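Trainee: Below is a structure I'd like to ask you about.
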Amino acid sequence: RDNTLFEGDRLGGIIDFYNGCTGDLLFDLAIVINDWASGPEGQLDRERHDAILRAYQARRPLTADEREVWPTMLRMTALRYWLSRLLVVYVDPPAHDLTPHDPAQFHTILTARLKHGALPLPEASNT
């Protein structure tokens, strides 16, 4: 969400794609779900979760293999973001005046994924 720019209620742009869309599409989708569909306690918000996944699957349905590894991918991407934020705060602080993101957000999300797992995936729409 930090890289999404709005003009009022309209999407104005999405920035910083240099690390996105370079590998597995499921990885990027899990990042989106963890960031956009997680509540304050890390729990998944079913309405946001399902809306994003239905829209995604309207263009590209998930394969059986992707559906099988989905819970693992959610945990893995939460772990990746938690560790990357820890690195920025404790190992390699920004050289300029950027404020690092709080690692606790993705620790909370990771903890919720480990404790509660994933929500059931909505089926792909045939429309």
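The values are calculated or read from the model by the stated rules, or taken from the named source; none is laboratory data. Just so we're clear, the structure is a prediction, and the values are computed from it rather than from any experiment. Don't worry about glycine lacking a Cβ; one is built from the backbone with ideal geometry, like all the others, and counts go over all protein chains shown. Accessible surface is based on the protein model in full, side chains and every heavy atom, while ligands, DNA and RNA are left aside. Shrake-Rupley method; radii C 1.70, N 1.55, O 1.52, S 1.80 Å.
Trainee: Would you mind telling me which numbered condition in (1) surrounded by 11 or more Cβ atoms within 10 Å (Cβ to Cβ); (2) part of a loop (DSSP other than H, G, I, E, B) T99 fails?
Mentor: Checking T99 against (1) surrounded by 11 or more Cβ atoms within 10 Å (Cβ to Cβ); (2) part of a loop (DSSP other than H, G, I, E, B), the one that fails is (1).
Trainee: While we're looking at this one, here's another question. Please enumerate the residues belonging to the range 108-126 that are polar (S, T, N, Q) and under 18 Å from A64 (Cβ atoms).
Mentor: Scanning the range 108-126 gives S125, N126.
Trainee: Going by the structure shown, is L5 among the aliphatic types (A, V, I, L, M) and at pLDDT 95 or above?
Mentor: no
Trainee: While we're here: Counting just the residues of the range 47-79 that are open to solvent by 70 Å² or more (accessible area, probe 1.4 Å) and in contact (Cβ under 8 Å) with a residue 40 or more places away in the chain, which one comes out farthest from P103 (Cα to Cα)?
Mentor: P61
Trainee: Still on this structure, I have one more. Out of everything in the range 52-92 that is of a type in the set (S, T, N, Q) and assigned to a helix (DSSP H, G or I), what residue ends up being farthest from I109 (Cα to Cα)?
Mentor: Filtering first and then ranking leaves Q57.
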